[in-house]
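Accompanying notes for the structure given below.
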Amino acid sequence: MNFQYAIALTGGIGSGKSTAASLLKLYGYAIIDADTIAHKMLEQSTEKVIEIFSDIILTEGKIDRKKLANIVFKNKALRNKLENLLHPRIKENILEQSHLLDKKKIPYFIDIPLFFETNHYEITQTLLIFTEQPIQIERIKKRNALSDEAILERINAQIPLHQKKKLAKYVINNNGDLENLQKEIEKYLQNYLPNIKF
């Protein structure tokens, strides 16, 4: 059985999911990072990606992820093409890593930003990092220097966080600072995680 001890860690752009993943790592939990795998698969698929998008996505012969993002967030059909190319490879890699971690019989996290959107992974335990949209927008502005229009394109490409809240098994509200997020993660690890029946 796949993903026996897996917990899907998910959220939305700017919700603080990556920070949560870093904190979980500090507490000694293994993290499989779907984004890191996606970047690797993107590099390995350069030729096929150029076939879809042409060489306008290149900077000095390499795929410029910023240029690529600007295109796919404006064009759903191209975004689907890219996802159809990369997702099977990403999933294969995640399955390989989770197979090894399942053997240890201890919980681990798979950081999957689009867990609910893609519906590719049969993982029953989910941890959602939630934040209200104004805070989400503020964080993205600080981090990415994107226009309001570009930020909303990225947010609207994902299922709204309020909707994800209804789908998740456990929700951490990350509307505060780092200290608050840390407290919420500790609460989850101490009070909720030990009671999960894997």
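The values are calculated or read from the model by the stated rules, or taken from the named source; none is laboratory data. Keep in mind that what you see is a predicted model, and the values were worked out from it rather than measured. Here the Cβ positions follow ideal geometry from the backbone for every residue, glycine too, while neighbour counts run over all protein chains shown. What goes into the accessible areas is simple: the full protein's heavy atoms, side chains included, and nothing from ligands, DNA or RNA. Shrake-Rupley method; radii C 1.70, N 1.55, O 1.52, S 1.80 Å.
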**Message:** Place a point 7 Å from the Cα of Lys187 along the Cα-to-Cβ direction; which residues of the stretch 141-173 have their backbone N under 18 Å from it?
**Reply:** 165-166, 168-173
**Request:** Whenever you get a sec, compute what percent of the accessible area on the stretch 1-157 sits on carbon and sulfur atoms (1.4 Å probe).
**Result:** 51 percent
**Message:** Just to verify a number: FRET efficiency for Arg65 and Lys165, C-beta to C-beta distance, R0 = 35 Å, to 0.05?
**Reply:** 0.75
**Prompt:** Accessible area per residue, 1.4 Å probe, Å², for the stretch 114-198: what's the number?
**Reply:** 59 Å²
**Message:** Between (1) 11.5; (2) 12.2; (3) 10.6, which entry matches mean projected area of the Cα convex hull in nm² as derived from the coordinates of this structure?
**Reply:** (1)
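If you roll a 1.4 Å probe over the heavy atoms of the protein chains, what accessible area per residue do you get for the stretch 34-106, in Å²?
Result: 67 Å² per residue.
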**Item:** Spin-label model distance (nm) - Leu95 vs Leu152, 7 Å beyond Cα toward Cβ
**Value:** 4.0 nm
**Request:** In nm, give the distance between the simple-model label positions of Lys142 and Ile52, each being 7 Å from the Cα along the Cα-to-Cβ direction.
**Result:** 3.3 nm
**Request:** May I ask you to derive the FRET efficiency for Glu122 and Asp35 from their Cβ-Cβ distance with R0 = 25 Å, giving the value to the nearest 0.05?
**Result:** 0.80
